[in-house]
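Beneath this line is the structure, given in structure tokens, with notes to follow.
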Amino acid sequence: MPLDVDVEVRRGDRTIAVAFAVDDGETVALVGRNGAGKTTALEAIAGIAVVTGRVDLDGRSLVSLPPEGRGIGVAFQDGMLFPKLSVLENVAFPLRAGGVGREEARTRARERLAELAPDVDPGARPATLSGGERQRVALARALAAEPKVLLLDEPFAAVDAEAKPELRAMLRRTLASFNGPRVLVTHDPVEAMTLADRLVLLEDGRVTQTGTPDEVRRHPATRYAAEFVGTNLFQGELVPDDAGVGLLRTGGGELTVVWPEGLPRVPVADVRATLSPAEIALHTEEPHGSPRNVFRGAVEEVAAVGGRARIRLRTTPPLVAELTTGSVDRLGIVAGRDVWASCKAVEIRLMVPGEEPDTL
């Protein structure tokens, strides 16, 4: 029962245009920065937003149907639970709205809660719950009426970091047991890469790339895509330099690269290249000798997750490096400090137009 979406939504002076498909048993993550149009796309599918275009489920148009008639379960950001209803009444609500009797609705709601939120008091009010508990209840409510499609809007946005691993594992099991199309909205790479079968990247209200996490990681189409999957992306003209070496001249600076074997040594336009942040070394003093690429710039941001830290640098070109938090502390890497970044030419992976990237 595939879901096929091709819609436009007007929001003020902006038009958000999104097209993608989701197969049965597949999880697609809509990813993008804040304001990219992710939640608007979800609202279009759910019937909350006014759209032009089509939302088809198994070949049947849903556009003219009200939200409650679409067979879609939605777990919104921060739960969006009804504050005056108990947990049990919240989960039973979509069943009651669909015409199920009170006692049967409550029985089915208790079963969902026992499965997904066993430690939550069914008589509690949403205000007394933690972020993780609210999301568990919201997921139970989304699944209570046995929908054909499941939509999840930033399911971990209001969840404490300590609670995320357990909740993510629960959500992974839930998605695996749901046989219909699943759409996950997130701006978190960890959520997208661990929960989704395929990514749909949105930038400024448009789809800029689709593919599996591995496909996007290997061939990011935009700088945002590269950042999202954890790599640096460069684009420019490749020109020959010393024997076996070339220069990639980008709008933000030059990089020394290994010239691709078999490629004629003439300038090549519109060449892209990727560099893993883990391949970049940081120094408090200028390094000498090998490697060939050395850049100096200020630390713009340090973001630590677990035992790793991503460091955004105002170098030429701009770079994102990744170190252990121990190395960050040892080197005294803090926002505003000038540092040197270095990488080997061989670590920069070229993607030349007309060539198969994996062979370069």
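Here the stretch 115-152 is the region considered, the condition is being touching a Leu at 6+ places or on another chain (Cβ under 7 Å) and among the small types (Gly, Ala, Ser), and the residue that is surrounded by the fewest Cβ atoms within 10 Å (Cβ to Cβ) is Gly123.
Under the condition of being in a strand (DSSP E or B) and open to solvent by less than 40 Å² (accessible area, probe 1.4 Å), the residues counted in the stretch 1-34 number 15. Out of the residues in the stretch 199-231 meeting the condition of being on the phi < 0 side of the Ramachandran plot and of a type in the set (Asp, Glu), tell me which one is modelled with the lowest pLDDT. Top of the filtered list is Glu227. A single member of Arg314, Arg265, Arg296, Arg330 is closer than 21 Å to Met351 by Cβ, more than 23 Å from the chain's Cα centre (by Cα) and surrounded by fewer than 17 Cβ atoms within 10 Å (Cβ to Cβ), and it is Arg265.
Of the residues making up the stretch 109-151, those that are of a type in the set (Val, Ile, Thr) and either assigned to a loop (DSSP other than H, G, I, E, B) or under 28 Å from the mean Cα position of the chain (by Cα) (or both) are Val120, Val137, Val149. Highlighted here are the strands (runs of 3 or more DSSP E) found entirely within the stretch 283-344 that include at least 1 residues which are over 26 Å from Arg249 (Cβ atoms): 293-305, 308-314, 319-324.
When the strands (runs of 3 or more DSSP E) confined to the stretch 153-262 are screened for residues that are open to solvent by 50 Å² or more (accessible area, probe 1.4 Å), under 27 Å from Asp6 (Cα atoms) and in contact (Cβ under 8 Å) with a residue 40 or more places away in the chain, those reaching at least 1 such residues are found at 198-203, 206-211. For the criterion of being buried (at least 17 other Cβ atoms within 10 Å of the Cβ), hydroxyl-bearing (Ser, Thr, Tyr) and either in contact with a Ser or Thr (Cβ under 9 Å, 6 or more places away or on another chain) or without any contact (Cβ under 8 Å) to a residue 60 or more places away in the chain (or both), Thr274 passes.
Selection of the stretch 299-311 for residues being farther than 18 Å from Trp340 by Cβ and either β-branched (Val, Ile, Thr) or open to solvent by less than 60 Å² (accessible area, probe 1.4 Å) (or both) yields Ala303, Val305, Gly307.
Comparison of Leu319, Leu282 shows that the only residue that is at pLDDT 95 or above and either open to solvent by 70 Å² or more (accessible area, probe 1.4 Å) or not aromatic (Phe, Trp, Tyr) (or both) is Leu282.
The values are calculated or read from the model by the stated rules, or taken from the named source; none is laboratory data. Computed from a predicted model, the values in this text were never measured in an experiment. Here the Cβ is made from the backbone with ideal geometry for all residues, glycine too, and neighbour counts use every protein chain on show. With ligands, DNA and RNA removed, areas are computed over all heavy atoms of the protein, side chains included. Shrake-Rupley method; radii C 1.70, N 1.55, O 1.52, S 1.80 Å.
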